[in-house]
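The values are calculated or read from the model by the stated rules, or taken from the named source; none is laboratory data. Note that the structure is a prediction, hence the values are computed from the model and not measured. In this analysis, Cβ positions are derived from the backbone assuming ideal geometry, glycine residues included, and neighbour counts consider all displayed protein chains. Please note that ligands, DNA and RNA were not included when accessible areas were found on the heavy atoms of the full protein model with its side chains. Shrake-Rupley method; radii C 1.70, N 1.55, O 1.52, S 1.80 Å.
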Amino acid sequence: MNPEKINILDLDRAGMVAFFASIGEPAYRAHQLLQWLHQYGISDFQAMTNFSKALRQRLSEMAVCENLTPSFHQEAKDGTQKWLLTLKDGNSVETVFIPERTRGTLCVSSQVGCMLNCTFCSTGTQGFSRNLSVAEIIGQVFFAVRALSEEGGRHDKKITNVVMMGMGEPLLNFDAVVSAMNLMMDDLAYGLAKRRVTLSTSGVVPQIRELAKVSDVALAVSLHAPNDILRNELVPINKKYPLSELIAACKEHFAEDPKRKVTFEYVMLKDVNDSRREAKQLARLLEGVPAKVNLIPFNPFPGTRYTCSNFETIQAFQEIVMRSGVQTTIRKTRGEDIDGACGQLVGDFTDRTRRKERFLRDRIVVEAA
Ligand code: SAH
Ligand code: SF4
């Protein structure tokens, strides 16, 4: 790509209007371009027939639309699909589509790898390379809409929900993620309702507070432990932002809309965080918080030291939390046979933290001992 050309997929509505203003074009032209890209899936400026020849030429000189290209695609028995998408620097990220009876959810990545090193997460053990751009985040939606419609556009292939639950910690790539989510919700782009776009975070408290100021997407918090001692171990960012601060931010998050709740995700790790005592602690921790709980069966990956709790244990845990009045669901694991389930996304990239190397070395030492 010519370095002076902008990638048009990097622009949300405000960015697009500003860009058009800078070339002396009115806002409605920017709106039309958003529709061409995101609603009609057209990325060739020459095919944008309501633009004059001169404008199409100008756009071609100043901008490109860089699409992501799939290097690998898999479909699981349950219909879950996973794509490995190549970025222009050779790194790649994973995007997963999960069809259900009444909805179709796209699980989108926000970073190449992740810096945060949660012990039960495959992405975390793979290290970190870099943030994704707006174009690379919304590009996953742009790509998946087209890939799914090429399959015949069956009703169950429609994207009705997006969850920022792929690779990476979305709040550590704040501006790009917010712009991309704006496009997901923009009527000129994908037009998803605010409740159908979910940001999942491991608990970066200052950015949760920032998010509340600029976006009204649904919020999911990866809790995984009901006390600081255990959470420090499982979700190390807890050492920086302990539970008291995290819970306070969650209490305030939807203060202006009492009907909305924060979803707390809790991965079920056998003999680690799944006892009745922890269930009671969790119920106590969430007292007074507008909360829902989603229990996630742990998805194993090579080299992990954890196993998933028994189903009976998960049900007993659910029962205790429910009794305290908190709506508690058990997530159905999807796409297991293609490693497309939560925490199994790894992509293919250069790890700049060398964490993967250390993880594998530590495993060898442990296994040899
Ligand atoms: N970084 C963000 C979003 C990506 S992770 C976050 O941590 O919230 C998406 C969800 O998958 C999180 O709730 C995460 O804790 C969970 N997860 C990670 N590894 C998992 C595993 N091996 N099995 C089940 N869930 C996992
Ligand atoms: Fe990163 Fe989320 Fe995995 Fe933790 S669970 S390592 S924050 S992707």
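Looking at Ala30, Ala18 in this structure, which one is out of contact with any His (no Cβ under 7 Å at 6 or more places or on another chain) and either of a type in the set (Ser, Thr, Tyr) or farther than 30 Å from Thr105 by Cβ (or both)? Walk me through how you get there before you give the answer.
Working: Ala30 fails: either of a type in the set (Ser, Thr, Tyr) or farther than 30 Å from Thr105 by Cβ (or both).
Selected residue: Ala18, the only one of Ala30, Ala18 that is out of contact with any His (no Cβ under 7 Å at 6 or more places or on another chain) and either of a type in the set (Ser, Thr, Tyr) or farther than 30 Å from Thr105 by Cβ (or both).
On the given criteria, is Val205 modelled with pLDDT of 95 or more, open to solvent by less than 40 Å² (accessible area, probe 1.4 Å), touching an Asp or Glu at 6+ places or on another chain (Cβ under 7 Å) and more than 13 Å from ligand 2 (Cβ to nearest atom)? It would help to see each step written out before you state the result.
Numbers: modelled with pLDDT of 95 or more: yes; open to solvent by less than 40 Å² (accessible area, probe 1.4 Å): yes; touching an Asp or Glu at 6+ places or on another chain (Cβ under 7 Å): yes; more than 13 Å from ligand 2 (Cβ to nearest atom): yes.
It is true that Val205 is modelled with pLDDT of 95 or more, open to solvent by less than 40 Å² (accessible area, probe 1.4 Å), touching an Asp or Glu at 6+ places or on another chain (Cβ under 7 Å) and more than 13 Å from ligand 2 (Cβ to nearest atom).
Quick one: Asn7 ticks every box in (1) closer than 26 Å to Asn131 by Cα; (2) at pLDDT below 95 bar one, so which box is it?
In the conditions (1) closer than 26 Å to Asn131 by Cα; (2) at pLDDT below 95, Asn7 misses (2) alone.
Looking at the stretch 136-149, which of the residues that are surrounded by fewer than 24 Cβ atoms within 10 Å (Cβ to Cβ) and of a type in the set (A, V, I, L, M, F, W, C) is nearest to Leu9 (Cα to Cα)?
Kept after step one, since they are surrounded by fewer than 24 Cβ atoms within 10 Å (Cβ to Cβ), are these residues of the stretch 136-149: 141-143, 145-149.
Subsequent filtering for residues that are of a type in the set (A, V, I, L, M, F, W, C) retains 141-143, 145, 147-148.
Details: Val141: 11, Phe142: 9, Phe143: 12, Val145: 15, Ala147: 17, Leu148: 19 Å.
Looking at residues that are surrounded by fewer than 24 Cβ atoms within 10 Å (Cβ to Cβ) and of a type in the set (A, V, I, L, M, F, W, C), I get Phe142.
Looking at the stretch 96-120, which of its residues are out of contact with any Lys or Arg (no Cβ under 9 Å at 6 or more places or on another chain) and open to solvent by less than 10 Å² (accessible area, probe 1.4 Å)?
Matches in the stretch 96-120: Leu106, Val108, Ser109, Ser110.
Run Gly340 past the list (1) outside any helix (DSSP H, G or I); (2) modelled with pLDDT under 95; (3) open to solvent by 20 Å² or more (accessible area, probe 1.4 Å) and report the number of the one that doesn't hold.
Unmet for Gly340, out of (1) outside any helix (DSSP H, G or I); (2) modelled with pLDDT under 95; (3) open to solvent by 20 Å² or more (accessible area, probe 1.4 Å): (3).
Determine which member of the set Ser200, Ser179 is buried (at least 20 other Cβ atoms within 10 Å of the Cβ), of a type outside the set (Val, Ile, Thr) and touching a Ser or Thr at 6+ places or on another chain (Cβ under 7 Å). Spell out the reasoning first.
Values: Ser179 fails: touching a Ser or Thr at 6+ places or on another chain (Cβ under 7 Å).
Going through Ser200, Ser179 in turn, just one is buried (at least 20 other Cβ atoms within 10 Å of the Cβ), of a type outside the set (Val, Ile, Thr) and touching a Ser or Thr at 6+ places or on another chain (Cβ under 7 Å): Ser200.
When Val177 is evaluated against the numbered criteria (1) away from ligand 1 (no atom under 13 Å from the Cβ); (2) more than 22 Å from Arg334 (Cβ to Cβ), which criterion, by number, is the only one it fails?
(1)
What number goes with the only condition from (1) at pLDDT 95 or above; (2) open to solvent by 10 Å² or more (accessible area, probe 1.4 Å); (3) more than 16 Å from the chain's Cα centre (by Cα) that Asn238 does not pass?
Result: Asn238 fails condition (2) only.
What are the residues in the stretch 72-94 that are touching a residue at least 40 places away in the same chain (Cβ under 8 Å) and of a type in the set (Ser, Thr, Tyr), if any?
Scanning the stretch 72-94 gives Thr80, Ser92.
Identify the residue in the stretch 274-333 that is in a helix (DSSP H, G or I) and of a type in the set (D, E, K, R) and, among all such residues, is surrounded by the fewest Cβ atoms within 10 Å (Cβ to Cβ).
Going through the stretch 274-333, the residues in a helix (DSSP H, G or I) turn out to be 276-285, 311-323.
From the residues that got through so far, the ones that are of a type in the set (D, E, K, R) too are 276-278, 280, 284, 312, 319, 323.
Values: Arg276: 12, Arg277: 11, Glu278: 19, Lys280: 16, Arg284: 10, Glu312: 8, Glu319: 12, Arg323: 12.
Of everything passing the filter in the stretch 274-333, Glu312 is surrounded by the fewest Cβ atoms within 10 Å (Cβ to Cβ).
Of the numbered conditions (1) under 23 Å from Glu210 (Cβ atoms); (2) open to solvent by 40 Å² or more (accessible area, probe 1.4 Å); (3) among the aromatic types (Phe, Trp, Tyr), Phe254 satisfies every one except a single condition; which is it?
Of the numbered conditions (1) under 23 Å from Glu210 (Cβ atoms); (2) open to solvent by 40 Å² or more (accessible area, probe 1.4 Å); (3) among the aromatic types (Phe, Trp, Tyr), the odd one out for Phe254 is (2).
Looking for something within 9 Å of ligand 1 (Cβ to nearest atom), surrounded by 24 or more Cβ atoms within 10 Å (Cβ to Cβ) and in a loop (DSSP other than H, G, I, E, B) - is there at least one such residue anywhere in the stretch 121-132?
yes
Under 6 Å between Cβ atoms, which residue pairs at least 6 apart in sequence (or on different chains) link something in the stretch 228-255 that is of a type in the set (A, V, I, L, M) with a partner that is within 14 Å of ligand 1 (Cβ to nearest atom) and not in a loop (DSSP other than H, G, I, E, B)?
Leu246/Val205; Ala249/Val205; Ala249/Ile208
Quickly run through the stretch 99-111 and pick out the residues that are more than 13 Å from ligand 1 (Cβ to nearest atom) and not acidic (Asp, Glu).
First pass over the stretch 99-111, keeping only residues more than 13 Å from ligand 1 (Cβ to nearest atom): 99-104, 106.
Scanning the stretch 99-111 gives Pro99, Arg101, Thr102, Arg103, Gly104, Leu106.
Taking the stated definitions as given, is Val262 more than 16 Å from ligand 1 (Cβ to nearest atom) and open to solvent by less than 20 Å² (accessible area, probe 1.4 Å)?
When the stated conditions are applied, Val262 does not pass them.
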